[in-house]
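Data first, discussion second: the structure below is written as structure tokens.
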Amino acid sequence: MALKTKVTKTFLENISENLKPLNSADELVELGLAGSTKTLANKRFEGTGPDFIRLKGAGIRYPKDAILDWLQRDAVYVKNQKRMA
């Protein structure tokens, strides 16, 4: 298995353990999956974020599977590189 695939799979497994069936934007920010709730709002507007559900009286919620699909689709693996001075 390629290193990128292995790292991504491990990352998704770890994140999956911390996700609820439906997650708020605040919860995604707390998990470090987004910089802010405003970032997630922008991604919803642009259509680049995870799929979501708008619940009357409860606001926006992100299903666990949609978050994992989004991360798998958009995650970028960056190998640590030496910096040149």
Q | Total residues in region 32-41, condition closer than 12 Å to Leu68 by Cβ and either in contact with a strand residue (DSSP E or B) (Cβ under 8 Å, 6 or more places away or on another chain) or surrounded by fewer than 16 Cβ atoms within 10 Å (Cβ to Cβ) (or both) | A | 0
Q. Out of region 52-68, which residues are surrounded by fewer than 16 Cβ atoms within 10 Å (Cβ to Cβ) and either small (Gly, Ala, Ser) or in a loop (DSSP other than H, G, I, E, B) (or both)?
A. Lys56, Gly57, Ala58, Gly59
Q: Could you grab me the full set of residues in region 34-66 that are in contact (Cβ under 8 Å) with a residue 12 or more places away in the chain and charged (D, E, K, R)?
A: Arg44, Asp51, Arg61, Lys64
Q: Kindly provide the set of residues from region 7-51 that are small (Gly, Ala, Ser), modelled with pLDDT under 95 and outside any loop (DSSP other than H, G, I, E, B), ordered by number.
A: Ser16
Q. Can you name the number of the only condition in (1) modelled with pLDDT under 95; (2) in contact with a helix residue (DSSP H, G or I) (Cβ under 6 Å, 6 or more places away or on another chain); (3) surrounded by fewer than 16 Cβ atoms within 10 Å (Cβ to Cβ) that Lys4 fails?
A. (2)
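The values are calculated or read from the model by the stated rules, or taken from the named source; none is laboratory data. Small disclaimer: the values here were computed from a predicted structure and weren't measured. When we count neighbours, we look across all protein chains shown, and the Cβ atoms used for this are built from the backbone with ideal geometry, even at glycine.
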